[in-house]
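Heads up: the structure comes next, in structure tokens.
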Amino acid sequence: MAAFFVRRTVGAALVCVAVTFVVFLIFIVVPGGDPAQRIAGKNATQQNIVNIRHSWGFDQPFYVQYWRMLKKMFSGTLVSYTSQQNVIQQIKQGMPATFSLTIGAGIIWLLFGISVGVIAAVTAGRLSDRVITVLALIGISMPVFWLGIVARYYLAEGGLTSIFPDGEYVPFTQSPVQWFWHLLLPWLVLAVLFIGFYGRVLRGNILDTINEDYVRTAKAKGLSRRRILLKHVLRTSLIPIVTLFGLDFAAVLGGGAILTETVFDLHGVGQYAAQSINNFDLPPIMGVTLYGAFFIVVFSVLVDLFYAYLDPRIRPT
Amino acid sequence: MAQRVTESEFTLDTAAALAAAEPASAIRGRSPWYLAWRRLRRNYVAFAFLGLFVLILIACALAGVYARHVAHTGPNTNHILETVRVDGKPVPVISQGGYIDKKTGKPCTTGGSDCVLLSAIPIGPTWFSAGGRFVLGADQNGRDIAVRLLYGGRNSLIVGIGSSALCVFFAVVLALLAGYFRGWVDFVITRFFDLFYAFPVVLLGIALGSALAINGFHRFGINIQSGSLWIPTLVISYVLIPYVGRPLRGQVLSLREKEFVEAAIAQGASPLRIMFTDLLPNIASSVLVFFTLIIANNIVLEAGLSYLGAGVQPPTPSWGTLITDGQDLIVTRPWLALAPGIAIILTVLSLNVFGDGLRDALDPRAKVKVEH
């Protein structure tokens, strides 16, 4: 177990560093324009640009620049090229919105995904299964930002019905009711795709597991249908869902819900990343990438541990 | 007509006699592909959706014909100052704005709370009452939305199918290399896959897409202009390689242990020959299913990247850019954003349903799954 943790921690650290290096390379290799020119502004003289290039270190070899950026990131002094604001501070500001969005949507999509999958599998071939299958397919075929735009138009303030408030994040500490009310639409929109996807995967897994020998044995022992389903079938069928949920949850927590955050203007980490990319602002992109990779790596370790709990045959290696 | 035999009399000789009595055409070798085709043929739902996809393909392929002969305009032609005759009455393509009721889209008569101020309002759907012009209305620049929808579909499909083909090609090559050579080759390739798993797909996509969107790519002898469709195609194919490559690598690894590979090596076959004539046909069914489902995935991804400004660049139409354009006018002209979204849903849905049917037909117990 100790060896498992040591190896995974070292691996995780390496992946995080490698990911930032890849992002750095993308912006060095791909000629996106001179950062010095953007810092200097439109009316800068040639001398201004040369000075900025020197003082920010853009005239150094790329590995020196990369090393400096990492050092600044870990000491918390990394600042944006365009707005000169502290990157770590900005990410911290976006975290409450991103966390609220992820946790709420995660609960919705896990609960509904599992219920939808179980209902479809239990009633396989009947009307409810057909309806769920069709709805799940439509759900996974929709672009999430389009669904967000349409939902805002039909349901949110400024649209047709004005049932929900229109986007924007209200801090939980300021007003829990408004927090919930403002996030409800983003939660549902983000969850739709995952519900359809999880429902389909789980339905398939349950139908596979139901034909296993041990389920027949359980039936022969005279266990009730409900007990077989919950204790025997669902336990194995949920393993792939746990992997999916761990990785999806981590990706959204790490700023992966860029589209949802942008459509609803939540000012989360994902939206910060999108804005920085549009401004071609390398330091925030590096910061958000490292932040996102951290969650993905941590959650993949958690998923492996949870695996071992669900299926005692698997040992974390 | 075979004679009836009881079980006790049944020997190998009777079996041979029975077989000889059968018409010669009744016994024939059936390839797995033929068996899959037979299973697929019975899946009417999958076929109906394949038909829908082909219809969409044909419609988008005929975008130029529609533009020239029905709508009499091009995808990027502005008609800001023109008028068009709807049911014989002249209607300006772009009307002066004013206070508009957001529920009906008509000018406000009373100053209620549903009134919004707009600077310019394009013509709404004419539904063929203007002789084929502006069937779905116009956008802010007076461009015909129906024409742009078809041209945009063409671009979205080119990006979706092209990136899927490239992605599957590279994933197959990497999976074959990793699975065949194993050892350090496998180590390097799997680390590459792992690394890209640690990125959120959309984040990597917009980073690459917007980095390339400014000046294009002009290094290593490759010249891609900044507005080129190659940029979203390459970016999307690139970010999804690990998602296809990893499961395929697993399949190749297990096939590598099979006797027929050992036999091929014993016969002196070269690694290339083994990879492409022995291993590749055995993963071909998974590759085909991945190809279909990844097209669906990529069309959605293209739309998302275009929405964030990192995909297809305006004024080139694509379903993603059309939704983005239509977003601002959704209150008065909801069709501008609704139509491309519905087009995406229908296309992606048809590909998903057909892809599922294809998977069930090729391997009823297959485990090929596309992760989003």
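What follows is calculated from the coordinates using simple rules that are stated; it is not laboratory data. Because the structure is predicted, anything quoted here is derived from the model rather than measured. As a convention, Cβ positions derive from the backbone with ideal geometry for all residues, glycine included, and neighbour counts pool all protein chains shown.
Once Rh for region A:95-268 is found with the Kirkwood sum over Cα pairs, what is the Stokes-Einstein diffusion coefficient at 37 °C and 0.692 mPa s, in µm²/s?
Approximately 188 µm²/s, per Stokes-Einstein.
Over all residues in B:346-354, what is the mean tally of Cβ atoms on other chains that come within 10 Å of each residue's Cβ? Kindly include the intermediate steps, with their values, before the conclusion.
Numbers: counts 2, 1, 6, 6, 1, 1, 6, 4, 0.
For this peptide, the per-residue mean of nearby foreign Cβ atoms is 3.
List the residues, sorted by chain then number, that are 5 or more residues from B:Arg85 or on another chain and whose placed amide H is less than 5 Å from its amide H.
B:Val91
With Rg and the Kirkwood Rh both taken from Cα atoms, where does Rg over Rh land for region B:198-352?
1.12
With each pseudo-label sitting 7 Å past Cα toward Cβ, what's the B:Asn282-A:Val10 distance in nm, one decimal?
3.4 nm
Under DSSP H, which helices of chain A have Cα atoms covering 24 Å or more of the helix axis and a Kyte-Doolittle average no less than -0.5?
A:2-29, A:87-122, A:176-210, A:234-251, A:282-310
Using the crude model of +1 on Lys and Arg Cβ and -1 on Asp and Glu Cβ, and no other charge, please compute the dipole size for region A:95-268 relative to its Cα centre, in debye to 20.
Values: 13 positive and 10 negative charges, 255 e Å.
The calculation lands at about 1220 debye.
Give the average, rounded to an integer, of partner chain Cβ atoms located within 10 angstrom of each Cβ in A:286-294. Please report the intermediate quantities before stating the final value.
Details: counts 0, 0, 3, 6, 0, 0, 5, 6, 1.
Average neighbour count from other chains, rounded to a whole number: 2.
Hey, what did region A:95-268 get for relative contact order, percent, Cα under 8 Å, at least 6 apart?
Relative contact order comes out at 35 percent.
From Cα pairs below 8 angstrom and at least 6 apart in sequence, can you work out the relative contact order of chain A, rounded to a whole percent?
Taking the mean separation of contacting Cα pairs over the length of chain A, I get 25 percent.
Quick one: net charge of A:Gln178's neighbours, Cβ under 14 Å, K/R +1, D/E -1?
Overall, the nearby charge balance is -3.
With contacts defined as alpha carbon pairs under 8 Å and 6 or more residues apart, what's the relative contact order of region A:155-233 in percent?
15 percent
Can you give the average number of partner chain beta-carbon atoms within 10 Å of each beta-carbon in peptide A:269-278, as a whole number?
Details: counts 0, 3, 0, 0, 6, 8, 1, 2, 11, 6.
What the average comes to for A:269-278 is 4.
What net charge do the residues around A:Ser237 carry, taking every other residue with its C-beta under 11 Å from that of A:Ser237, with Lys and Arg at +1 and Asp and Glu at -1?
Values: positive: A:Arg203, A:Arg235; negative: A:Asp208, A:Glu212.
My count for the surroundings of A:Ser237 gives 0.
Within a 10 angstrom radius of the beta carbon, how do B:Ser306, A:Ser83, B:Ser164 rank from fewest other beta carbons to most?
Fewest-to-most ranking of B:Ser306, A:Ser83, B:Ser164: A:Ser83, B:Ser164, B:Ser306.
Enumerate the calculated ³J(HN,Hα) couplings along region B:308-314 in order (Karplus 6.51 cos²θ - 1.76 cosθ + 1.60, θ = phi - 60°), each rounded to whole Hz, writing x wherever the residue is Gly or Pro.
Those phi angles translate into 8, x, 10, x, 5, 9, x Hz.
Going by amide H atoms built from the backbone, whose H comes under 5 Å of the H on B:Gly137, apart from near neighbours?
B:Thr126, B:Trp127, B:Ile145, B:Ala146
Give me P(r) over chain A, computed from all C-alpha to C-alpha distances, binned every 20 Å, as integer percentages.
Final binned percentages: 26, 49, 22, 3, 0.
If amide H atoms are built 1.01 Å from N in the plane of the peptide, which residues on other chains or at least 5 residues away come under 5 Å of the amide H of B:Ser95?
Those qualifying (amide H under 5 Å, at least 5 residues apart or on another chain) are B:Ile121, B:Ile123.
Say each of A:Glu212 and A:Trp181 gets a label point 7 Å from the Cα, pointing the same way as Cα to Cβ; how far apart are those two points in nm?
In this crude spin-label approximation the distance works out to 4.8 nm.
Sorted by mean Cβ packing within 10 Å, highest first, what order do the peptides B:298-304, A:278-284 take?
Descending packing order for the listed peptides: B:298-304, A:278-284.
Per-residue HN-Hα couplings for region B:190-196, Karplus 6.51 cos²θ - 1.76 cosθ + 1.60 at θ = phi - 60°, whole Hz, x for Gly and Pro?
These are the phi-based 3J(HN,Hα) values: 5, 5, 4, 4, 4, 4, 7 Hz.
Which of the listed residues, A:Gly117, A:Gly222, A:Phe164, is farthest toward the dipole's positive end in region A:95-268, when Lys, Arg count +1 and Asp, Glu count -1 at the beta-carbon?
A:Gly222
May I ask you to evaluate 6.51 cos²θ - 1.76 cosθ + 1.60, the Karplus curve with θ = phi - 60°, for each residue of region B:53-70 and list the ³J(HN,Hα) values in order in whole Hz, giving x for glycine and proline?
Those phi angles translate into 5, 4, 4, 4, 4, 5, 4, 5, 5, 8, 3, x, 5, 4, 4, 6, 9, 9 Hz.
What does the charge count around B:Leu308 come to, taking other residues whose C-beta lies under 12 Å from its C-beta (Lys +1, Arg +1, Asp -1, Glu -1)? Display every interim value, and only then the final one.
Details: positive: none; negative: A:Glu261, B:Glu302.
Neighbour charge sum, excluding B:Leu308 itself: -2.
Quickly work out the A:Tyr63-to-A:Arg130 label distance, labels modelled 7 Å from Cα along the C-beta direction, and quote it in nm with one decimal.
Reported label-point gap for A:Arg130 and A:Tyr63 is 6.5 nm.
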